[in-house]
Amino acid sequence: MAVWFTVVNWAGLDSAVEGLTEPLFMALLCGSFLAVRKQRWALSALLASGATIVRPVGIFALVAIGLLLLSRQEMRRLIVAGAIALAVGAIYILPMVLDYGALSEIL
């Protein structure tokens, strides 16, 4: 049966062992939302930034966190969360800038 499944559904088996980005993305995203529920805003921003590095669609989690803090009028926490997101983004871009030169050449 396992041999038949391997032959018939090779794509499913291949993607199961490849280690794609979805599990890491979901772990970071769910961790970020859990941190939001516990009102640990800095940790939430850090995890959502990590999710954004793994998959660009994670930016929507950062936007949601920012909008939530903005609606609660917690400007200090919004600034801290934004600074964390910018710092993680800068650390992510730094190796590319060092390797390729100016940022304008990358974009």
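The values are calculated or read from the model by the stated rules, or taken from the named source; none is laboratory data. Everything numeric in this text was worked out from a predicted model, so none of it was measured. Cβ atoms come from the backbone with ideal geometry, glycine included; neighbour counts cover every protein chain shown.
Per-residue answers, yes or no, for (1) at positive phi; (2) at pLDDT below 95; (3) among the polar types (S, T, N, Q):
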{"position": "ALA2", "(1), (2), (3)": "no, yes, no"}
{"position": "THR6", "(1), (2), (3)": "no, yes, yes"}
{"position": "LEU20", "(1), (2), (3)": "no, yes, no"}
{"position": "MET26", "(1), (2), (3)": "no, yes, no"}
{"position": "LYS38", "(1), (2), (3)": "no, no, no"}
{"position": "SER44", "(1), (2), (3)": "no, no, yes"}
{"position": "LEU47", "(1), (2), (3)": "no, no, no"}
{"position": "ILE53", "(1), (2), (3)": "no, yes, no"}
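Taking region 24-63, which residues are loosely packed, with under 15 Cβ neighbours inside 10 Å, under 23 Å from ILE93 (Cα atoms) and either without any contact (Cβ under 8 Å) to a residue 40 or more places away in the chain or in contact with a Cys (Cβ under 9 Å, 6 or more places away or on another chain) (or both)?
Those that are loosely packed, with under 15 Cβ neighbours inside 10 Å, under 23 Å from ILE93 (Cα atoms) and either without any contact (Cβ under 8 Å) to a residue 40 or more places away in the chain or in contact with a Cys (Cβ under 9 Å, 6 or more places away or on another chain) (or both): MET26, ALA27, PRO56, VAL57, PHE60, VAL63.
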